Amino acid sequence: AIESGKHVVTANKALIAEYGNEIFAAANKKGVTVAFEAAVAGGIPIIKAIREGLAGNRIEWLAGIINGTGNFILTEMREKGRDFGDVLEEAQQLGYAEADPTFDVEGIDASHKLAILASLAFGVPLQLEKVYTEGITKISTDDVNYAEELGYRIKHLGVARKTSQGVELRVHPTMIPEKRLIANVNGVMNAVLVKGDAVGPTLYYGPGAGAEPTASSVVADIIDVARMLDTEPRHRVPLMGFQADALKNTPILDIGEIETAYYLRMSALDKPGVLSSVAQVLSNAGISIEAIIQKEPLEGQVHVPLIILTSRSIEHQLVSAIAEIEALDSIYGEIIRIRVESLG
């Protein structure tokens, strides 16, 4: 279509995330437009908001619930105490999840969308392969309940942040304070929180999928194409918000270099000194403890859950500390880790 001089409207996020650099270069060469509003967050006009509405800002970070299936599953687990597998089966019956739900529950769908949003926000080339991606399959109702007890909710977020070292691109379960508006986005709805240097935080909420919401964005793109048919290519809004020669090869940070707080859940022997041993390992790594939940053992129970909320720390330091804690004789099995973001 591009080679024939045709304008293109697409809702295919995988196409844009994987081949967008090549496609946009071809479109610029031919002087045609490729519009893709429906590729991210369905009916929410988030592409236009970042590319045009926030053009007077330097985007500092964004965080989005950009997969409705994952959000539906986590909402049902929190509100009704249901298990992951049970809710996933219902999501498939309702048509929210595919027969093979891997793209949704493993975060692949969200990583496609985050790659696009980050390119728009920061003026970097599309780099899907550098998005750290983690799904929600390890989240249990215990984690959901402990998060509530600590004043947080678990959401599957795509997070992109520009720092002095580079750009963070990550998709993973995240604990966020329950008072945040985005923490109260439930069911299959989507929301994207964008922080600009001038405007501050702005939230965009709505249906992230479905025939009519997607059609809303597709038709809006068609209208935009019709409106600019007589406009010279150099006077149009750039496809990714930045002129092609203004894109920067800003480094993408490895997940081990990011800094955030953490929720840790471990199974510990019910005996004196265990907590102090764990605390000592964290202290040696320069990690402070912000909150602790330690449950009383049930009758005959040898291991009890120990939940710790840490201060902000560099991921690779925490990973090393976790390995050391898991090696303690008093700790049983794998430690569950969830990143924590304040989004303030």
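Only residues that are open to solvent by less than 70 Å² (accessible area, probe 1.4 Å) and among the aromatic types (Phe, Trp, Tyr): list them for region 8-36, please. Across region 8-36, the qualifying residues are Phe24, Phe36. Summed over region 160-219, residues that are part of a strand (DSSP E or B) and free of Cβ contacts under 8 Å to residues at least 60 places away in the same chain total 2. Where helices (runs of 4 or more DSSP H) fall wholly inside region 37-124, no range has 3 or more residues that are among the basic types (Lys, Arg) and surrounded by fewer than 18 Cβ atoms within 10 Å (Cβ to Cβ).
Suppose the filter is loosely packed, with under 14 Cβ neighbours inside 10 Å and hydrophobic (A, V, I, L, M, F, W, C); does Ala261 pass it? The answer is no for Ala261. A search for C-beta distances below 9 Å between a residue of region 259-270 that is farther than 15 Å from Leu282 by Cβ and among the charged types (D, E, K, R) and any residue that is open to solvent by 50 Å² or more (accessible area, probe 1.4 Å) and in a strand (DSSP E or B), counting only pairs 6+ apart in sequence or on different chains, returns Asp270/His303.
Within region 271-297, track down each residue that is open to solvent by 50 Å² or more (accessible area, probe 1.4 Å), touching a residue at least 40 places away in the same chain (Cβ under 8 Å) and under 29 Å from the mean Cα position of the chain (by Cα). Once the filter is applied, which keeps residues that are open to solvent by 50 Å² or more (accessible area, probe 1.4 Å), touching a residue at least 40 places away in the same chain (Cβ under 8 Å) and under 29 Å from the mean Cα position of the chain (by Cα), region 271-297 yields nothing. Of all positions in region 228-239, none carries a residue that is touching a Leu at 6+ places or on another chain (Cβ under 7 Å), of a type outside the set (Ser, Thr, Tyr) and surrounded by 15 or more Cβ atoms within 10 Å (Cβ to Cβ). Scanning region 146-178 for residues that are open to solvent by 10 Å² or more (accessible area, probe 1.4 Å) and touching a Gly at 6+ places or on another chain (Cβ under 8 Å) returns His156, Pro177, Glu178.
The values are calculated or read from the model by the stated rules, or taken from the named source; none is laboratory data. All figures in this text were calculated on a predicted structure; none of them were measured in a lab. Neighbour counts run over all protein chains shown; Cβ positions are idealised from the backbone, glycine included. Quick note on the areas: whole protein, heavy atoms, side chains included, nothing else; ligands and nucleic acids left out. Shrake-Rupley method; radii C 1.70, N 1.55, O 1.52, S 1.80 Å.
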